[in-house]
Amino acid sequence: MLPLFQIGSTGQGSIGETAVFQRKVGEIVFAYTVRRLLMLIPVLIGMSIITFSIVHAIPGDPARAILGDKATPEAVEKIRTHLGLDQPLYIQYFEYVKGLLQGDLGESLITQRPIAEEIGPYLAGTMELALLAMGIAIFFGMNLGILSAWRHNSAVDYTAMVIALIGVSMPVFWLGLMEQWVFAQELGWLPSNGRIDPRLGFEPITHFYLLDSLIKGDFYAFNDAFNHMILPAVALGTIPMAIIARMTRSSMLEVMRSDYVRTARAKGVSEFLVIYKHTLKNAFIPILTVFGLQMGLLLGGAVLTETIFSWPGVGQYLVDAINNRDYPVIQSGILIIATLFVLINLIVDLLYAAVDPRIQYGKE
Amino acid sequence: MIWRKSSILTLALLFIFSTVLAACGGGTGADSGGKTLIWGRGSDSKLLDPAQVTDGESMKVTKNIFDTLVDYKEENTEVEPALAESWETSEDGKTWTFHLRKGVKFHDGTDFNADAVVFNFERWMDKDHPQHKGGDFPYYGYMFGGYKGDEGHIIESVEAVDEHTVEFKLKEPQGPFLANLGMSAFAIASPKAVKKDPEGFAKNPVGTGPFKFVSWKKNNSITLEKNEDYWEKGKPKLDKVIFKSMPDNTARFTALQSGDIDVMDGMNPSDAKTAENEDKLKLYKRVGMNVGYLAFNVDKKGPWQKKKVRQALNHAVNKKAIIKSVYAGLAEPAVNPMPSSVWGYNEKVEDYEYDLDKAKELLEEAGYEDGFKVEMYAMSDPRPYMPDGRKVAEYLQADWKKIGVQVDIVTYDWQTYLDKTGKGEHEMALFGWNGDNGDPDNFLYVLLDKDNTRTPDAGNISFYKSDELHDVLIEAQRSTDKKERTELYQEAQEIIKEDAPWIPLVHATPGLATQSYVKGNLFEHPINWYDLDDVDIQK
Amino acid sequence: MSAQPTPSPVTTQDPKTEGEEREALNSSLRDAWRSLFRHRSAVIGGGIVLFFILLALIAPLLVPYGFNQVDADARLQAPSAAHWFGTDDLGRDIFTRIVYGARISLWVGFFAILGSIIVGSLLGLIAGYYGGWKDIIISRVFDTLLAFPSLLLGIAIVSMLGPSLENAMYAIAIINIPNFGRLMRSRVLSVKQEDFVLAARAVGMKDWRILLKHVMPNSWTPIMVQGTLGFATAVLEAAAFGFLGLGAQPPEPEWGKMLSDSRQFIQSAPWTMIFPGMAIMFTVLGFNLLGDGLRDILDPRMKQ
């Protein structure tokens, strides 16, 4: 994910020494950002063409989806004409791109509402879930990693690593179903579906339910929304957790072998504190990498988890659109996700440099 | 360096904090909105203008927002007063006078009166009406023989005699006219709201019904609230109704079990069994007005073009076993293309009994003693008449192997499935039908007449074209004498049985389950089973 | 990997140098092989993988039932001596179906990954070796494919082609192409600068020969490691497609499809859900362990 980065050995220790240097860094960062954003353009064009072609090659058409199973052929024909589906494909494509260039993501064929407006709550739903999943993954992953490095080659270490290995090997949807079975159906501890109990009549503001309930000061709703998130977030967070645990462990083992720790230990600083502090420092980069990659994956890849937990997220939204042949929604939805994916990774890449002076941008 | 540590610490703290919070806050807790009923269902409504919709998911909601002039009794399909308190008909049956209920108001505060009724009927019947907008009005055309100006249109005029009296003049008498008026499609909408935004009315409906429309989150939920001024005293009992879309049948059932929703329909049959055995749930079984079948595409070249082969395969289906395995017992084996609850059903037709030897014999007679290969379409999405098409196909596949018929199963998602079968690309396909109005024509003509074999949207996907059947069905359509029609339809069923363009498989019994605290036995009503005005929650 | 000919401007090709290079490669492979056996996780992983391969090969010998042997009277029976893993809702023996399912998962995983390795490496080779506009175009194609939410892309592709095991395999192959492509490209970029390649170029060796003789062998290791790990991903993806009804078609006993078929019985007959899930998990675990081991042994540099 770092095609433009090089981990170099130059310039360490010199950051921030002079204002000139800082300004130069600023310029480089800016130029780099612009370049990355420019590179997004061909990607988006390519994606729009690929998506458009695939979507229109799927058999069936939205007119039937709009009218239902009992539609008469005449009505289907009327709707097709009305939606412009009888136009040649290239004209439909250019019409779509023309809209895009004017900042218009189009309208859903099924609901006839602007996509830009409609997709928001779904995106928020997925993001909130993904963030909590990442939180769980980081918290447990790091501690598991630290624990197993600390007790290297002990039973604790092996157990932790077996857990991590099983974590990356489990089908997410299977894990989700098992969780539902045990915690929702058998034990009845947690809700199995949706984002919040509809009986609460909760009216979201930002559609990040945890945030909204805090804004409103409605702790009951916060609690309910949080309960709804636990099972899907654990399912979704398991793979990143396992990855983070393994990364933390190996980077921590390196730290423990380093002179720095030995010195610190010799000086009598508490071993645990030393390890904790330095691991955190060193584990930050790999965690950031996992974060960037997994957030991107979760945005579009939470489809299965969302299906199982009836979670109104963007994956669900797009799968529905595919099933209904809602062409504009599929096209614009995928473009939005891809753009977010690229942006998240750009931010992650920039953060690397912010926290690790050894990294410099520039040449390939 | 500091911020890194602290941010991670914050995260950890937040996590612990929320876990603790979650742990303390378990349990059911107080409902903020009084008696709220949450109905979990498979998909969202399409529109909420009753006159424009044809799908059950839309009617389920409009039924509760709107009222019709007359309604069906709870116990059967007889008519009782609703918005019309009483009515009389002239000797020749061409004039109907309705006396409307007084003091009824639409949800927007305007009065319900004769003008409103006239406005609604004119909007539906007249394609040039300024508010004939927002979609088609299919049921009107279907039930009343077309629209204004059409030859078969039977309503000559609708007029307001005074503020509370409406008079219908028909061109000729129509036997089921009064019953038709009770169909939820002919519910009366607020003229003021329609005029204000005819296109948008279907997304913001205003009626006189027991519940008022509050909000519609597309693909998610529709919220209705109690109409405090409902004309029927003591109703509705619920304060709020939420229709929630949860596409996955299994996920929906899980939600019901964990108490997230109060009612669900579209159950997997095995879940229905589970619900039956659970104390906190109650299962309602409805007599299904549907049929699930296997259609042979007789337009496609292949052995199944021979009648003997089709009959042989009819003998090679163990319907009882399929019902046991796939439907968990919640279905009736089908003999005719329509269920016995529809009038005109021919009891005398006997099914091809399950007999593999006989099937083999017939195949030999037809010259296929070594069997043959065939592609069978199965839908991948659950349908009410076929909760799992793939499993039905697997079952047939295993059975037919014993008589040498090799089946390749092909599945598609529903939209593709409709597209491909409508074009006749299949050799055999599993399919089914949900009846609209309980008329035999709605099954036999729609599904098996040669008129309906027109691609790309054929309704008769076996592409069976029998002139003999066509004549009978058309004669039955033209007749108004129920006895005569019954005889004709019974004859039609005999023709179909002999020609065997299908293997009629089952009539499924759709299950609906509620929490046991949901009271009100309306779910068993054959037509208006989703009428919620009498439903209550008693915890 | 270590031996390199001297970059002296020789006029003829020195066969000895090339021989040495190969010799070195062989001995390093031997070393790797030896250490593979010493490496615990690789041995366990390899063992699991081998187990499933054997299972797939001798499936019919192992089980007394057919994988589509329907029996309405034996539906949803709990595990017993007759049915080790119980039966599903059509009364089919689950153990039998899992054993046969191993064939499907391995088959899909193998060919999907083989496909993406072939296409990806080829594109990566071209992009890395030739550079210029070829590189720009191919790299943008990789970027584009990577930016797609992969499962959604897969769903769209399968919807277009029609749901079947084969089409799911194509979809998995397509979504994995850029992983191998980029890896190959970066390897080629670094190998290209190695002395023996420069030398071969200098003596006027044809491009395809250089690619075949020098670049490819020196880029294989990471591809092999990535391929083993990718196998694990492909098995998971195949199961996901099966679960969504877009992969294997009835009556194929694909594990993911078995899970989706049995979802509704999770409470009444949990064995219908537990065993197929475990089968997926162990297969994936095996490939993950093997891949990790291979990486540690063959390519210490890749280890983070």
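None of the figures in this text is laboratory data; all of them are computed from the coordinates on show. Treat the numbers as computed from the prediction; the structure is a model and nothing was measured. Don't worry about glycine lacking a Cβ; one is built from the backbone with ideal geometry, like all the others, and counts go over all protein chains shown.
Using only the C-alpha atoms, the convex hull of region B:333-415 corresponds to 129 Å³ per residue. Between B:E468 and A:Q102, the C-beta separation translates, for a Förster distance of 51 Å, into a calculated FRET efficiency of about 0.25.
For B:F443, C:F110, the sequence from fewest to most other C-beta atoms within 10 Å is C:F110, B:F443. Each residue, B:D351 and A:L351, gets one label point 7 Å from its Cα in the Cβ direction; the gap between the two is 6.3 nm.
Evaluated at q = 0.06 Å⁻¹, the base-10 log of the normalised Debye intensity for the protein assembly as shown, with identical point scatterers placed on the Cα atoms, takes the values -0.57. Here the gap between B:S340 and B:K307, fully extended at 0.36 nm per residue and compared with their Cα-Cα distance, gives a gain of 9.3 nm. Region C:54-84 and region B:401-463 have their alpha-carbon centroids 34 Å apart.
Under a 5 Å amide H cut-off, with hydrogens placed 1.01 Å from N, B:D67 pairs with B:I188, B:T208, B:G209 among residues at least 5 apart or on other chains.
For chain A, the alpha-carbon radius of gyration amounts to 1.19 times the rule-of-thumb value 2.2 N^0.38 Å expected for a compact globular protein.
Could you list, bin by bin from short to long, the percent of Cα-Cα pairs of region B:265-359 in 10 Å steps? So the P(r) values, bin by bin, are 13, 34, 32, 16, 4, 0.
Enter the Cα centre distance for the pair region B:236-307 and region A:105-166, rounded to the nearest angstrom. Spelled out, the Cα-based centre of one part sits 33 Å from the other. Per-residue 3J(HN,Hα) values for region B:289-299, derived from phi via the Karplus relation 6.51 cos²θ - 1.76 cosθ + 1.60 with θ = phi - 60°, read 9, 8, 8, x, 8, 10, 9, 8, 8, 6, 7 Hz in sequence order (x marks Gly and Pro). Close amide H partners of B:I155, meaning residues 5 or more places away or on another chain with modelled amide H under 5 Å apart, are B:K171. As an equivalent ellipsoid, region A:117-323 spans semi-axes of 36, 18, 16 angstrom, where each value is the square root of five times an eigenvalue of the C-alpha gyration tensor, largest first. Rounded to two decimals, the Cα-based Rg/Rh of chain B, with Kirkwood Rh, is 1.02. Using R0 = 56 Å, the C-beta based FRET efficiency linking C:K206 and C:A81 works out to 0.30.
With 10 angstrom as the radius, rank A:T33, A:T111 by how many other C-beta atoms surround their C-beta, starting from the fewest.
So the residues, fewest neighbours to most, are A:T33, A:T111.
The Cα-based radius of gyration of region B:70-193, divided by its Kirkwood radius, gives an Rg/Rh of 0.94. Taking GluC sites (Glu not before Pro) across region B:86-154, the ones in a DSSP loop with at most 10 further Cβ atoms lying within 10 angstrom of their Cβ are B:E91, B:E151.
Between C:S186 and A:T339, the FRET efficiency estimated from the beta carbon spacing at R0 = 30 angstrom works out to 0.75.
Both radii come from the Cα set of region B:290-508: Rg as radius of gyration, Rh as Kirkwood radius; their ratio Rg/Rh reads 0.94.
Normalised radius of gyration (Cα atoms, divided by 2.2 N^0.38 Å) for region C:145-304: 1.34.
Each peptide among A:310-316, B:273-279 gets the average number of other Cβ atoms lying within 10 Å of its residues, and from highest to lowest they stand as A:310-316, B:273-279. Projecting label points 7 angstrom from Cα along Cα→Cβ for A:N153 and A:I205 puts them 5.6 nm apart.
Mean partner shielding of peptide A:161-170, defined as the number of other chain Cβ atoms within 10 Å of each residue Cβ, is 4.
By the count of other C-beta atoms within 10 Å, a proxy for reagent exposure, A:S332, C:S80, C:S260 are ordered fewest to most as C:S80, C:S260, A:S332. Take the Cα of B:V214, step 7 Å along the line toward its Cβ, and report every residue of region B:36-55 whose backbone nitrogen sits under 14 Å from that point. Under 14 Å, as judged by backbone N against the label point of B:V214, lie B:36-39 of region B:36-55. In this structure, the amide hydrogen of A:E107, modeled 1.01 Å from its nitrogen in the peptide plane, lies closer than 5 angstrom to those of A:I115, counting only residues at least 5 positions away or on a different chain. Taking the inverse of the mean 1/r over every pair of distinct Cα atoms in region A:81-235 gives a Kirkwood hydrodynamic radius of 19.4 Å. Take each residue in A:172-180, count the other chain C-beta atoms within 10 Å of its C-beta, and the mean is 6. Looking at region B:91-157, the trypsin sites (Lys or Arg not before Pro) that sit in a DSSP loop and have at most 13 other Cβ atoms within 10 Å of their own Cβ are B:K102, B:K127. When all alpha carbon pairs of region C:72-205 are counted in 10 Å bins from zero, the resulting P(r) reads 12, 26, 23, 17, 12, 7, 3, 0 %. What base-10 log of the normalised intensity I(q)/I(0) is obtained for region A:15-101 from the Debye formula, alpha carbons as equal point scatterers, at q = 0.13, 0.16, 0.19 Å⁻¹? Treating every Cα as an identical point scatterer, log10 I(q)/I(0) equals -0.63, -0.78, -0.94. Beyond 25 Å in Cα-Cα separation lie the following of the pairs B:K373/B:K420; B:K285/B:K307; B:K63/B:K235: B:K285/B:K307.
A viscosity of 0.692 mPa s and a temperature of 37 °C, combined with the Kirkwood radius over Cα pairs in Stokes-Einstein, give a translational diffusion coefficient for chain C of 153 µm²/s.
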